[in-house]
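Heads up: the structure comes next, in structure tokens.
The values are calculated or read from the model by the stated rules, or taken from the named source; none is laboratory data. Remember, predicted model here, so these are calculated numbers, not experimental data. For neighbour counting, all protein chains shown are included, and Cβ atoms are generated from backbone atoms with ideal geometry for every residue, glycine included. What goes into the accessible areas is simple: the full protein's heavy atoms, side chains included, and nothing from ligands, DNA or RNA. Shrake-Rupley method; radii C 1.70, N 1.55, O 1.52, S 1.80 Å.
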Amino acid sequence: MSKLWGGRFSKKSNKLADHFSFSISYDKCLAKYDVAGSIAHASMLGKCKIIPKKDADKIVKGLKKIEEQILSGKFKYDLKSEDIHTNIQDTLKKSIGNAADKLHTARSRNDQIALDVRLYCREKVKQTIFALIALQKSILSFANKNKKIIVPAYTHMQSAQVILLAHQMLAYVEMFDRDIARLKDAQKRAEVMPLGSCALSGTTLPINRNLVAKKLGFKTVSANSIDGVSDRDFIIEIISALSIVAMHLSRVAEDLIIWVTSEFNFIDIDAAFCTGSSIMPHKKNPDILELIRGTTGKIYGNLSAILNLMKGLPSTYNRDMQLDKPPLFESVETTKEMLVLMANLFSGLKIKKESLENGIKNEAMFSVDLMEYLIRKGVSYRQAHDTIGKMVKTCLDKNKKISQLSTEEMQKYSKKFSSDAKKLLNPLASVTAKKSFGSTNPKLVEKQLLKWKNKLYA
Ligand code: ARG
């Protein structure tokens, strides 16, 4: 176990201090980004004649071998190394000898870690966006399969109005689309190449930062060496965006949990995503959905951890910043897992037609349609609201359906009612009567389904 900073020390480090400070156990997942950064850096050092070309070539060759081992899973991580940078440096030295000592010229681990995490975010954000799109597709296909199905919708968890199931599903697709936009936007600010900050103030050596950036696929380099090693905003932004993804997943999970209760019984979840009870043999519990809801709290906790970690730090690099990694890695990996689970869950979702039909029998859900009928006939909104309110209340008190009222009885509430008013009292009429853009009108929903199909499968 070597250290990259042994020279100044005459004493061995304390074992517990090592255990407490080493990051290899979690930053080993940065190995491939670290090597990619080193390859770009070493070839730049050679090109700029800061180190002899033959040494640079030797280093690059050695690093490529390590890269292959990492990608094929054959690389031997040394958990006695302080961090992944040290681990790779040591492995390189063992493989190519003294030329390896030149790799760290004009470089600090402060800029190295800032680069590694940016490369990690680039790849992981891309994967998360793919997972979001896969989820959108899965939801869209569920919507398309059940295009004609009408469901009750709730406000305050009280049945409110009827809507198309597909309309509700498209609401989810919209939410996840904003999540994609947020992640893409956050990623833009992570796309800055920090190598060459050299701990904090730059270097006297004639490095070419743009060359390194180009090799690594960055369009810009950080314009301030202090900010280059200090900045963790991009991590905070990405975890915030992931927190919103998780919040959306949690709300979808909650909708499904309610729909799957024996009281609602609107849908059935594939048994592969449910669990049983150790005591109640009849139970089929939606644990995966509950865990998605619960895990969302962990992601928020990670966001809070990083915000708190950063708020008191003086400028440039401080070792505290090492602790940004576990929350970032956990948030990224867990969110991706939840997205995949939710997409699978939607592909196995079945609706329960009979209970849904029962769920839309409550005619009070057509009260707005009746009110707007009166408005179309010239009654003021206030008066129409009052009229329908009274009519619905009488029906509820007398345990009577609105459709059981005769036209004459309806006219006692408003002279504007004619026999056609009762045609409004059915779910299909209700959704079809909606006209406004963005409403649950079947023709408009159909257009939206098509729009999303074109967008997602473009
Ligand atoms: N493990 C460290 C981190 O994650 C790497 C950088 C260490 N730099 C240093 N000066 N000790 O931040």
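Structure values in brief
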| quantity | calculated |
| --- | --- |
| Of the criteria (1) surrounded by 17 or more Cβ atoms within 10 Å (Cβ to Cβ); (2) away from the ligand (no atom under 14 Å from the Cβ), which one residue 88 fails | (2) |
| Condition check for residue 43: among the small types (Gly, Ala, Ser) and part of a loop (DSSP other than H, G, I, E, B) | no |
| Residue match in the stretch 150-161 (condition: touching a Ser or Thr at 6+ places or on another chain (Cβ under 6 Å) and either away from the ligand (no atom under 16 Å from the Cβ) or in contact (Cβ under 8 Å) with a residue 40 or more places away in the chain (or both)) | yes |
| Qualifying residue in the stretch 120-127 (condition: within 30 Å of residue 59 (Cα to Cα), at pLDDT 95 or above and within 16 Å of the ligand (Cβ to nearest atom)) | yes |
| Among the candidates 80, 76, 94, residue that is assigned to a helix (DSSP H, G or I) and more than 27 Å from residue 197 (Cα to Cα) | 94 |
| All positions within the stretch 287-339 that are within 16 Å of the ligand (Cβ to nearest atom), polar (S, T, N, Q) and exposed (fewer than 14 other Cβ atoms within 10 Å of the Cβ) | 315 |
| Filter result for residue 80 (within 16 Å of the ligand (Cβ to nearest atom), more than 17 Å from residue 207 (Cα to Cα) and of a type in the set (D, E, K, R)) | yes |
| Condition check for residue 140: surrounded by fewer than 24 Cβ atoms within 10 Å (Cβ to Cβ), within 16 Å of the ligand (Cβ to nearest atom) and in a helix (DSSP H, G or I) | no |
| Residue that is most open to solvent (accessible area, probe 1.4 Å) [pool: residues in the stretch 99-110 that are outside any helix (DSSP H, G or I) and away from the ligand (no atom under 15 Å from the Cβ)] | 105 |
| Residue among 70, 96, 113 that is within 16 Å of the ligand (Cβ to nearest atom) and out of contact with any Pro (no Cβ under 8 Å at 6 or more places or on another chain) | 113 |
| Breaking point among (1) open to solvent by 50 Å² or more (accessible area, probe 1.4 Å); (2) among the polar types (S, T, N, Q); (3) at pLDDT 95 or above, for residue 278 | (3) |
| Close pairs from the stretch 1-28: first closer than 19 Å to residue 84 by Cα, partner within 12 Å of the ligand (Cβ to nearest atom) and of a type in the set (Phe, Trp, Tyr), Cβ under 7 Å, at least 6 apart | 26/329 |
| Hey, residue 31 closer than 26 Å to residue 321 by Cβ and loosely packed, with under 15 Cβ neighbours inside 10 Å or not | no |
| Lone unmet requirement of (1) exposed (fewer than 14 other Cβ atoms within 10 Å of the Cβ); (2) away from the ligand (no atom under 16 Å from the Cβ); (3) of a type in the set (Gly, Ala, Ser) for residue 253 | (1) |
| Wholly within the stretch 209-305, helices (runs of 4 or more DSSP H) carrying at least 3 residues that are among the polar types (S, T, N, Q) | 233-260 |
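Each row is one residue, and each column tells you yes or no for (1) away from the ligand (no atom under 16 Å from the Cβ); (2) at pLDDT 95 or above; (3) more than 39 Å from the chain's Cα centre (by Cα).
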residue	(1), (2), (3)
8	no, no, yes
13	no, no, yes
22	no, yes, no
26	no, yes, no
30	no, yes, no
46	yes, yes, yes
51	yes, yes, yes
54	yes, yes, yes
